[in-house]
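The block underneath contains the structure these notes are about, expressed in structure tokens.
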Amino acid sequence: MTELLHMKDNYLQQFDCRVDAVGNDYVVLNRTAFYPEGGGQTSDKGTLTDGSRTVKVIEVKKVQGQIQHRIDGTPFEKGVELHGELDWARRYENMRFHTCQHVLSRYLQINYNVETKGNNIKPGESRADYTPLESFDDEMKRTVEAGVNEILDQNLSVEIRFMPREEAISFLTERNYQTRYLEMVPKSVKEFRVLIIGDYDVASCAGTHVKNTSEIGHIQIGKSKNVGAGVRRIYFRLIH
């Protein structure tokens, strides 16, 4: 099992590791700071080096329980010691987008009684799906944009806390987190990773996040479209 260093430290940019398994175009490491694609968030990119050869990590995915680091080049041999380095600009932008998406989702839940159906966090522009939300006209768009930016400007601290399953479920339920997501977590998971954004929002999330909403800047909401019965997809960017 690969130790996922990002679960405890989202700001870790470099790390040392060992190759535990090798595929045609990937390596599996004993530990990694690279975020594997999942939970709607795109994977990290970066480099791995053994000191004499450096290769690009172009994608990281969890496949049948393995965290596979797909590389641009010949894979290193099993047992080789490596040094990894993230494309920090990409990671940090994803962190800002992901925390912002949580604030946006909470704002829509509180003010419009909608739930989040899914999201896609990536650099440049991200999106999230909400229901029931039949329309999202310009007036509502500007109201939501201003409301979310007001929350971001409060410089709320962002904390990651690990809790035993039952304690986490009680904690999240009391704070109106979507129970549908809690029900999706396999019973084998005995500990939850809980994201706490000041007194504003809580969530069960394995993604990467900033430490304070002051790091995000402002949200700029773009287009939206219907993607199913009562489901609307909202696109957004970040501006400083």
Requested in this report: Collect the residues in region 109-126 that are among the hydrophobic types (A, V, I, L, M, F, W, C) and not in a strand (DSSP E or B), keeping them in residue-number order.
Outcome: Ile110, Val114
Query raised in the report: Residue check, Phe192 against (1) of a type in the set (Phe, Trp, Tyr); (2) buried (at least 20 other Cβ atoms within 10 Å of the Cβ); (3) over 26 Å from Asp44 (Cβ atoms), all met but one. Which one?
Result: (3)
Requested in this report: Tell me, yes or no, whether region 73-88 has at least one residue that is free of Cβ contacts under 8 Å to residues at least 60 places away in the same chain and within 28 Å of Phe192 (Cα to Cα).
Outcome: yes
Requested in this report: Kindly indicate whether any position in region 153-174 is without any contact (Cβ under 8 Å) to a residue 12 or more places away in the chain, hydroxyl-bearing (Ser, Thr, Tyr) and closer than 20 Å to Asn119 by Cα.
Outcome: no
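For (1) among the aliphatic types (A, V, I, L, M); (2) in a strand (DSSP E or B); (3) within 17 Å of Arg91 (Cβ to Cβ), each residue gets a yes or a no:
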| residue | (1), (2), (3) |
| --- | --- |
| Arg193 | no, yes, no |
| Thr208 | no, no, yes |
| Ser214 | no, no, no |
| Lys225 | no, yes, no |
| Arg233 | no, yes, no |
| Leu238 | yes, yes, yes |
Query raised in the report: Has region 20-41 got any residue that is over 27 Å from Asn120 (Cβ atoms), of a type in the set (D, E, K, R) and loosely packed, with under 14 Cβ neighbours inside 10 Å?
Result: no
Query raised in the report: Given the conditions (1) in contact (Cβ under 8 Å) with a residue 60 or more places away in the chain; (2) surrounded by 11 or more Cβ atoms within 10 Å (Cβ to Cβ); (3) closer than 24 Å to Asn94 by Cα, and given that Tyr181 satisfies all but one, which numbered condition is not satisfied?
Result: (1)
Query raised in the report: Within region 203-228, can you find the residues that are closer than 17 Å to Lys8 by Cα and more than 14 Å from the chain's Cα centre (by Cα)?
Result: Asn212
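So that you can scan it fast, the table gives a plain yes or no per residue for (1) among the aromatic types (Phe, Trp, Tyr); (2) in contact with a strand residue (DSSP E or B) (Cβ under 9 Å, 6 or more places away or on another chain); (3) at pLDDT 95 or above:
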| residue | (1), (2), (3) |
| --- | --- |
| Thr179 | no, no, no |
| Glu183 | no, no, no |
| Ser214 | no, no, yes |
| Ile219 | no, yes, yes |
Requested in this report: Just name the residue that is farthest from Leu152 (Cα to Cα) out of those in region 56-79 that are among the hydrophobic types (A, V, I, L, M, F, W, C) and surrounded by fewer than 17 Cβ atoms within 10 Å (Cβ to Cβ).
Outcome: Val63
Query - Tabulated pairs, region 207-228, first crowded, with 16+ Cβ neighbours inside 10 Å, second aromatic (Phe, Trp, Tyr), C-beta under 7 angstrom, 6+ apart or interchain - result: Thr208/Tyr35; Ile219/Phe236; Ile221/Phe236; Ser224/Phe136; Ser224/Tyr235
Query raised in the report: When region 123-164 is examined, which residues are found to be within 18 Å of the chain's Cα centre (by Cα), charged (D, E, K, R) and farther than 15 Å from Ile219 by Cβ?
Result: Asp129, Glu159, Arg161
Query raised in the report: Could we say that Lys187 is surrounded by fewer than 18 Cβ atoms within 10 Å (Cβ to Cβ) and either of a type in the set (Phe, Trp, Tyr) or in a strand (DSSP E or B) (or both) here?
Result: no
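The values are calculated or read from the model by the stated rules, or taken from the named source; none is laboratory data. Predicted model only: the values in this text are computed from it and were never measured. Every residue, glycine among them, receives a Cβ derived from its backbone with ideal geometry; neighbour counts consider all protein chains shown.
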